Amino acid sequence: MTEQDKIVLTFIKFKYNKETEYADWQSQIHVLLSEMFFGVPQYKTLMYDISDGSDFRAIFNKVSIDYYITGEFKNDETIRLNLQVFKRDVGLVYLRQIENIEGHIEQLILAIRKEIANYFQDTLLLETVQLKGLPSGMNTTKIYLKANKLANEWTFDSVQKALDLYDQIISKEPYFSNAYHGRYKCLFFLAGRGFIPAKTTYRSISDEVGVIMQGKLKGNKELFLYQALATMFGELEWAKAYELLKEGLKGSMNASEAYQILSLFWYCLKKYDQALDALDYAEEFEPLSESIELMRADILISSGNIKEAHLFLISLFKNNKYSIAILDSLILTSFLKNDGDGMARYGKKLESLLDPSSALTPRLGLWYTFSQQETALQHWREFYLYFNEQNNSNGYIEHTLLNEHAVTKNVQKSKPFFQKAWSERSSIIFLLTDPILEYLRSTKFYQEALEQIKFPELIEERKITILSDTKEQYSLNPDRLLYVKADRNYCTLYSYNNFRVKTKLLRSSFANLTRQLSELPFIQVHRSYLVNLQIQYNLLNKGRDKFLQSPKYDYEIPLSRTFKAFDKLQIK
C-alpha cells in the first residue's frame, strides 16, 4: 500500500442476536477498527450497503478514495465477517470470510487487521499489528466512550476531563483520528466559553492540525474542518474558513460532525434555513444525537422562534432529565418568555446536578440575576477568584456578566465586557448569535466589531415556492435546483445545497411543475425530465441513445430522440 492509496473502512450491515447489546457492540467494533491506519466513518455515513448489491461506483464518486473495504458482521453460532475489498475503476478485488469460533470480538478484530495488512502488503501496518498483539481496543473503547459522554455534558469540569481522556488515547493510539476530533471539540468549547485563552488556543489548533496532516494523519482532509473553525473564530477570516470547510467536507468520513460544523458556520452568518438544512443532513448519519438537537434549539432561539424552541427543549428534557445542557437552554427560553417560575424550576434542577466545586453555567447566572441579586453577586465573586486561581483567564467572567447585564439591558455596563471578550476572541458565537444581546446590535462598538470580520461573498438566497397538486408548499432557491424527474403522479426535485444533492418528492403532475418553472431557465429534454440551463453538461452517446452528464454534480439525464434545442444547453 502506497502513501497515495486512500482507503475507507466501514461495516454497514450488522446482524446480531442480542438486541440489547446491539448499539454497544457496534460502538466497540467501530472504535477497535479505528485504531487502524484507515479512515473509519460513522455508521451509515456513506449510506450504501455493498452486500445488498449497491453500485460500488457511487461510493467512489462520493468520496475521494482508492479502496473501499466493507463487509457484513454476523453472530449466530460463531462471530464472523464477510470481508470485501473494492478498488476504484475495478470493482470487487478481494473476498474472504473471517470468523472466531469462541466469539471473541477482540480476536476477530485482530484477524481482520492482519488480513487487510496482508492484502495490501503493508509492512508498517503488519509490524504494528504484530507488536500490539491484541488491540488495546476494548480498553480504548471504554475510555473513548467515557470521554464522549463527559464531553457532551458541556460543563468546564466534564469537558476538561474528556480532553484529558482524548489526550490519553492519542498518546497510546496516535493514528486514532476520532480522538483528535474529540480533542478539538473540547478545546473549541473551553476557548469559546472563555475557560482558556481563546486566541492562543485557536492558533495552536490551526498549527497542530497542519503538522498532523503532514504526518500522523497525512491526507485526512476532515481536519480542515477544525482549521476552518480556528480561522473563523481566531482570525475572523470567514472567507478563508468557508474554503477550508469545502475542502473538509470533500474528504469527510464523519459526515455527522462535518455537517454540524457547516451548520455552525451558517448559524453564525444568521443563515438559519441553511443551518437547519445542514443539521438535517447530520441527523441522517447520527439519529437521536443530543448535540444535534441542542444546535437545532439554538438556531430556533436565535431566529426568534422562542415558543417552538421551548417546546422542543421540553420534549428533549422528558427523554433526558439529567442533561445540564438542556436545562441551561430551558433557563434561557424561560427568560426570553419572561417566565420567572420556569427559570426557577429549571435553575433549581440544574443546581442539583452540578458538582458544588464546578463553575456554574452562564444561564444559571442569568436566573440568579433575574431573581436573586445577592446570590448572583456572591457567585460573580466566586467565579472571579476561581478563574484567577486556575488559569488567569477571565473570558468566562465576561461571558457570564454579559448575561447579567442583559437582564437590565444596560449598554454602558455591557460595553467593556463585550469589547474585552471580542478582542480576546472569547465567546464569539455567543456575541454574534445570542438573542439576549439584541439590545447591543445597533450600537457603534458592536458594528465596529462586525467590520473586523472578513465575510465570504455569498450569493443572497432567492426563494420561490412550488405548489403541489395537494397544495403542499415547498420553498427553494431555483439556482440550486438541478433537475426535475416525473414518475406518474409524482415529481422529484433534485437540488444542490450544503455541498450535496437533496431530493424532494411532491405529488404533482409534470405539467404543473413545468408551468411553475416556465419563467425560469429550465428546459424539458425528455418526457420525464426538466433540466437547469445554467449547468454545464457533457453529451454522451450510448448506442442510439444520448444523455446529458453533469461532471460537477455526477448525474446523467436521458435525452429524447426528438430533442433538438442543443443550442440552449451549455455543452462542453
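Rule-based calculations on the coordinates, nothing more; no lab input. Values in this document were obtained by computation on a predicted structure and should not be read as measured data. Virtual Cβ from ideal backbone geometry, glycine too; neighbours counted across all protein chains shown.
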(message) Using a 7 Å offset from the Cα along the Cα-to-Cβ direction at both residue 564 and residue 90, what is the distance between the two label points in nm, to one decimal?
(response) 4.9 nm
(message) Skipping prolines and chain starts, which residues have an amide H placed within reach, meaning under 5 Å, of the one on residue 522, given they are 5 or more residues away or on another chain?
(response) 533
(message) Using amide H atoms built in the peptide plane, which far-off residues or other-chain residues are under 5 Å from residue 546 H to H?
(response) 559
(message) Taking amide H atoms as placed 1.01 Å from N in the peptide plane, list the residues 5 or more away in sequence, or in a different chain, whose amide H sits under 5 Å from that of residue 497.
(response) 502
(message) Let me spell out the model: positive unit charges on the Cβ of Lys and Arg, negative unit charges on the Cβ of Asp and Glu, origin at the Cα centre of segment 464-571. What dipole size does that give, in debye rounded to 20?
(response) 240 debye
(message) Taking the beta-carbon count within 10 Å as an exposure proxy, list 94, 144 from fewest neighbours to most.
(response) 94, 144
(message) Run the numbers for residue 145 and residue 348: contour at 0.36 nm per residue of separation, minus the present Cα-Cα distance, in nm.
(response) 70.2 nm
(request) Provide the FRET efficiency to the nearest 0.05 for the residue 355-residue 98 pair, computing r from the beta carbons and using R0 = 56 Å. (result) 0.75
(message) What is the distance in Å between the Cα centroid of segment 400-469 and that of segment 277-343?
(response) 20 Å
(request) Calculate one ³J(HN,Hα) per residue across segment 290-301 by plugging θ = phi - 60° into the Karplus curve 6.51 cos²θ - 1.76 cosθ + 1.60, and present them in order as whole Hz with x for glycine and proline. (result) 5, 5, 5, 5, 5, 5, 4, 4, 4, 5, 4, 5
(message) How would segment 139-252 be classified by its alpha-carbon gyration tensor: rounded, prolate or oblate, with rounded meaning a/c under 1.5 and the a/b versus b/c comparison settling the rest?
(response) oblate
(request) Apply the Karplus parameterisation 6.51 cos²θ - 1.76 cosθ + 1.60, with θ equal to phi minus 60°, to every residue of segment 422-439 and state each ³J(HN,Hα) to the nearest whole Hz, in sequence, with x for glycine and proline. (result) 5, 5, 8, 6, 9, 6, 4, 4, 4, 5, 8, 10, 6, x, 6, 9, 4, 5
